[in-house]
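Asks: Input: one structure, supplied below.
The values are calculated or read from the model by the stated rules, or taken from the named source; none is laboratory data. Quantities reported herein were computed from a predicted structural model and do not represent experimental measurements. Note that we place each Cβ from the backbone using ideal geometry, even for glycine, and neighbour counts take in every protein chain shown. The area values use the complete protein model at the heavy-atom level, side chains included, leaving out ligands, DNA and RNA. Shrake-Rupley method; radii C 1.70, N 1.55, O 1.52, S 1.80 Å.
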Number of protein chains: 2
Amino acid sequence: MPELDLTATSADLTRAVCDIPSVSGDEASLADAIEAAVARYPHLEVTRDGDTLVARTDTGKAQRVVIAGHIDTVPINGNVPTRNIEQDGEPYIWGRGTVDMKSGLAVQLKLAAELVDPRVDLTWMWYDHEEVDAASNGLNRLSQNRPDLFVGDFAILGEPSNGQVEGGCNGTLRAVVRTHGVRAHSARSWIGENAIHAAAPVLARLAEYRPRDVAVEGLVYREGLNAVRIGGGVAGNVVPDLCEVEVNYRFAPNHTVAQAADHVRNVFEGFEVEITDAAAGARPGLDAPLAQEFLAAVGAEPRPKYGWTDVARFSALGIPAVNYGPGDALLAHHDEERVPIAQIEAVEQGLRAWLSPR
Amino acid sequence: MPELDLTATSADLTRAVCDIPSVSGDEASLADAIEAAVARYPHLEVTRDGDTLVARTDTGKAQRVVIAGHIDTVPINGNVPTRNIEQDGEPYIWGRGTVDMKSGLAVQLKLAAELVDPRVDLTWMWYDHEEVDAASNGLNRLSQNRPDLFVGDFAILGEPSNGQVEGGCNGTLRAVVRTHGVRAHSARSWIGENAIHAAAPVLARLAEYRPRDVAVEGLVYREGLNAVRIGGGVAGNVVPDLCEVEVNYRFAPNHTVAQAADHVRNVFEGFEVEITDAAAGARPGLDAPLAQEFLAAVGAEPRPKYGWTDVARFSALGIPAVNYGPGDALLAHHDEERVPIAQIEAVEQGLRAWLSPR
């Protein structure tokens, strides 16, 4: 079994956790290595659920903070093992997972081992299956199997945020807009009705759509409405009777899923709209006292998070939550995924400064 | 081996050739049975090429007529063996192939056996692989292997034409119209460009398109331009960078493939257009003297054929050709495919009246 040395630098630890491949569904080796590594630290009470690990301090502090990160990655594409590279004179670690989100994971593992007596009690959560469907998500499973572990006054998710603090997240809703027609042989097309032609106004409304910017608790969330898939057609000589346009609406966290669904139905009024999938966003929650202390300690200006992340799960449980991790989210899933070592160190120092006893 | 009795009625022979399954690629049994049956008639000189059979009379007549039909069908869907049914008091034969085009084949087989001394020399062609891609077509293969057999003053194809004479056929052209964009995560869609949204004007032009009616040698051909397939999309959270709309243009036989391609490029001016497949139509050729005699003998008003058929192959060789067969083309490939027995008999009588010695 590969071993992890939690006393290594967070940069070296980043390479070590990246070099144990852990594409979604294949996290067992990395989970085993993490479990063995944290088991050596008696100040941590370790629980395992599938390939998710929870490590808790229990020092009797008045407050508890949850710090979480996923251990899986999207598929490797010739970019593991990792390499140390330089770009514009700056040292980077290159490879799958370096951004999303094993550098954040490495920082968390190192601090979990080091912070024997943190100034708040800590619940570390390292979970599987984040990069795939929500039903498989390890954090979701854990919240059902062990709701008792989801106790806390504040939560930090180590998703890449360029070392900044990103508050809340937009919600996401998917819908299928359908047009219908009547099949016919394309040699006698006037007998049929072309469902693809009937989708012209659907695409026109998408092309004309101007997304809103919505301020929520001082952060401005930018929305978006996009076709993510279109499909239709029976055969090369048949007028098709069905066309489907799948759209993805990203909506600001002051709107409920029901409001978002109404908005999408309004945009496509006159067409069949089926809502297929939705998750509410998360308000930034930065007015919580612990959040204010955290911002002051790490010295970062909060920004809005656009993408949906698991902070919304904590938000739904009434736990204010933010994203704070090294790496540029635009490089996540990229074949040239890479993280500046300085950002890994800055996040490590930010978290340590806030969590160390005063 | 199943046996065919060419002295049976054309209705019984229709059932017999339908009940020997011969989906494209699986025509050998039927071809064997046809070969064995026609070999008994010494007035026919029989040639086999793959599963295509050619049977020729050689009675020294001044003119020669080619009469052709394919022996394959689209896949069976619980509709073989055939049944005799009644509809509105009229007797039908029901089952796969009854319309397209084994009733026409049965008439041809019966007359090939019977017409020992026809008033023109006859070249019967029964060929494989018509219902699949053009490259596999038995008539196409035969024209390459045995061009010497493609000699004639007139050709009749037994494709279903409701017992009427359908002249020529529209051409067909397929093209892919592509729009491009820039991929991005749908949570930050403003970084990308949505290729599906960019296809809005492509669908709008299709929806607004008014097809032409074009008179060619007295017959009016109705054209059509249709999307037959649309596709685009990477994943449910990705702004797609490519959208493809496959269109099928059916064009009147007075236009060349090059003119048809220009027309499609004009309609989609400003977009990337790739012509993927095209076949010229066939002029009706009804001004040929033999065609006029044929029309008078069978007593039918000529109509335009909309769908592309193998008449275009003869037309391209300079042989005027028409479609003449029992069955409603709208029921071809239908699960309830069925042909009125009276139409089979009418086509048999029409061909016999014209081909019998005066």
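Asks: Are any residues in the stretch B:200-246 more than 9 Å from chain A (Cβ to nearest Cβ), in contact (Cβ under 8 Å) with a residue 12 or more places away in the chain and either in a strand (DSSP E or B) or of a type in the set (Lys, Arg) (or both), and if so, which ones?
Replies: Of everything in the stretch B:200-246, those that are more than 9 Å from chain A (Cβ to nearest Cβ), in contact (Cβ under 8 Å) with a residue 12 or more places away in the chain and either in a strand (DSSP E or B) or of a type in the set (Lys, Arg) (or both) turn out to be B:Arg212, B:Val214, B:Val216, B:Leu219, B:Val220, B:Tyr221, B:Leu242, B:Glu244.
Asks: Find the residue count for the stretch B:289-322, including only residues that are of a type in the set (S, T, N, Q) and open to solvent by less than 50 Å² (accessible area, probe 1.4 Å).
Replies: 2
Asks: Considering B:Asp287, B:Asp262, B:Asp277, which residue is within 14 Å of chain A (Cβ to nearest Cβ) and of a type outside the set (A, V, I, L, M)?
Replies: After ruling out the rest, the residue left standing is B:Asp277.
Asks: I want to confirm something. Restricting to the stretch A:59-86 and keeping residues that are among the hydrophobic types (A, V, I, L, M, F, W, C) and open to solvent by less than 10 Å² (accessible area, probe 1.4 Å), which single residue is nearest to A:Lys102 (Cα to Cα)?
Replies: My answer is A:Ile71.
Asks: From the list A:Arg265, A:Arg212, pick out the single residue that is of a type in the set (Lys, Arg), in contact with a strand residue (DSSP E or B) (Cβ under 7 Å, 6 or more places away or on another chain), under 24 Å from B:Ala235 (Cα atoms) and open to solvent by 50 Å² or more (accessible area, probe 1.4 Å).
Replies: Matching residue, one of A:Arg265, A:Arg212: A:Arg265.
Asks: Spot the failing condition for A:Asp133; the list is (1) open to solvent by 10 Å² or more (accessible area, probe 1.4 Å); (2) touching a residue at least 12 places away in the same chain (Cβ under 8 Å), and only one is missed.
Replies: Just one mismatch for A:Asp133, condition (2).
Asks: Among the residues of the stretch A:1-48, which ones are of a type in the set (Gly, Ala, Ser) and open to solvent by 10 Å² or more (accessible area, probe 1.4 Å)?
Replies: The answer is A:Ala8, A:Ala11, A:Ala16, A:Ser24, A:Gly25, A:Ala28, A:Ser29, A:Ala36, A:Ala39.
Asks: Mind listing whichever residues of the stretch B:305-321 are within 14 Å of chain A (Cβ to nearest Cβ) and of a type in the set (A, V, I, L, M, F, W, C)?
Replies: B:Trp308, B:Val311, B:Ala312
Asks: B:Gln349 - would you say it is without any contact (Cβ under 8 Å) to a residue 40 or more places away in the chain and either open to solvent by less than 50 Å² (accessible area, probe 1.4 Å) or over 21 Å from the mean Cα position of the chain (by Cα) (or both)?
Replies: Working: without any contact (Cβ under 8 Å) to a residue 40 or more places away in the chain: yes; either open to solvent by less than 50 Å² (accessible area, probe 1.4 Å) or over 21 Å from the mean Cα position of the chain (by Cα) (or both): yes.
Yes; evaluated as a whole, the condition is true for this residue.
Asks: Report whether or not B:Ala184 is within 22 Å of A:Arg188 (Cα to Cα), surrounded by 18 or more Cβ atoms within 10 Å (Cβ to Cβ) and touching a helix residue (DSSP H, G or I) at 6+ places or on another chain (Cβ under 9 Å). So that I can check it myself, show each step before the final result.
Replies: Numbers: within 22 Å of A:Arg188 (Cα to Cα): no; surrounded by 18 or more Cβ atoms within 10 Å (Cβ to Cβ): yes; touching a helix residue (DSSP H, G or I) at 6+ places or on another chain (Cβ under 9 Å): yes.
Against the criterion (within 22 Å of A:Arg188 (Cα to Cα), surrounded by 18 or more Cβ atoms within 10 Å (Cβ to Cβ) and touching a helix residue (DSSP H, G or I) at 6+ places or on another chain (Cβ under 9 Å)), B:Ala184 does not qualify.
Asks: How about the stretch B:164-184: which of its residues are facing chain A (nearest Cβ under 10 Å) and among the hydrophobic types (A, V, I, L, M, F, W, C)?
Replies: Once the filter is applied, which keeps residues that are facing chain A (nearest Cβ under 10 Å) and among the hydrophobic types (A, V, I, L, M, F, W, C), the stretch B:164-184 yields B:Cys169, B:Ala184.
Asks: Being in a strand (DSSP E or B), facing chain B (nearest Cβ under 7 Å) and in contact with a helix residue (DSSP H, G or I) (Cβ under 7 Å, 6 or more places away or on another chain): is that true of A:Arg250 here?
Replies: Spelling it out, A:Arg250 is indeed in a strand (DSSP E or B), facing chain B (nearest Cβ under 7 Å) and in contact with a helix residue (DSSP H, G or I) (Cβ under 7 Å, 6 or more places away or on another chain).
Asks: Further question on the same structure: Report yes if A:Ala280 is among the small types (Gly, Ala, Ser) and either open to solvent by less than 40 Å² (accessible area, probe 1.4 Å) or at pLDDT 95 or above (or both), otherwise no.
Replies: no
Asks: May I ask you to verify whether B:Pro21 is of a type outside the set (A, V, I, L, M) and either over 25 Å from B:Val165 (Cβ atoms) or under 22 Å from the mean Cα position of the chain (by Cα) (or both)?
Replies: Working: of a type outside the set (A, V, I, L, M): yes; either over 25 Å from B:Val165 (Cβ atoms) or under 22 Å from the mean Cα position of the chain (by Cα) (or both): yes.
Judged against the criteria, B:Pro21 is a match.
Asks: Could you check how many residues of the stretch B:87-112 are open to solvent by 10 Å² or more (accessible area, probe 1.4 Å) and over 16 Å from B:Ala16 (Cα atoms)?
Replies: So the answer is 5.
Asks: Here is a list: A:Arg222, A:Arg205. Which entry is in contact with a strand residue (DSSP E or B) (Cβ under 8 Å, 6 or more places away or on another chain) and not hydroxyl-bearing (Ser, Thr, Tyr)?
Replies: A:Arg222
Asks: Can I ask one more? I need the full set of residues from the stretch A:206-221 which are closer than 17 Å to A:Thr172 by Cβ and of a type in the set (Val, Ile, Thr), in order please.
Replies: Of everything in the stretch A:206-221, those that are closer than 17 Å to A:Thr172 by Cβ and of a type in the set (Val, Ile, Thr) turn out to be A:Val214, A:Val216.
Asks: Report whether or not A:Leu286 is hydrophobic (A, V, I, L, M, F, W, C), open to solvent by 40 Å² or more (accessible area, probe 1.4 Å) and at pLDDT below 90.
Replies: Considered against the rule, which asks whether it is hydrophobic (A, V, I, L, M, F, W, C), open to solvent by 40 Å² or more (accessible area, probe 1.4 Å) and at pLDDT below 90, A:Leu286 comes out as no.
Asks: Looking at A:Pro160, A:Pro147, can you tell me which residue is out of contact with any His (no Cβ under 7 Å at 6 or more places or on another chain) and open to solvent by 20 Å² or more (accessible area, probe 1.4 Å)? Full working, then the answer.
Replies: Details: A:Pro160 fails: open to solvent by 20 Å² or more (accessible area, probe 1.4 Å).
The conditions single out A:Pro147.
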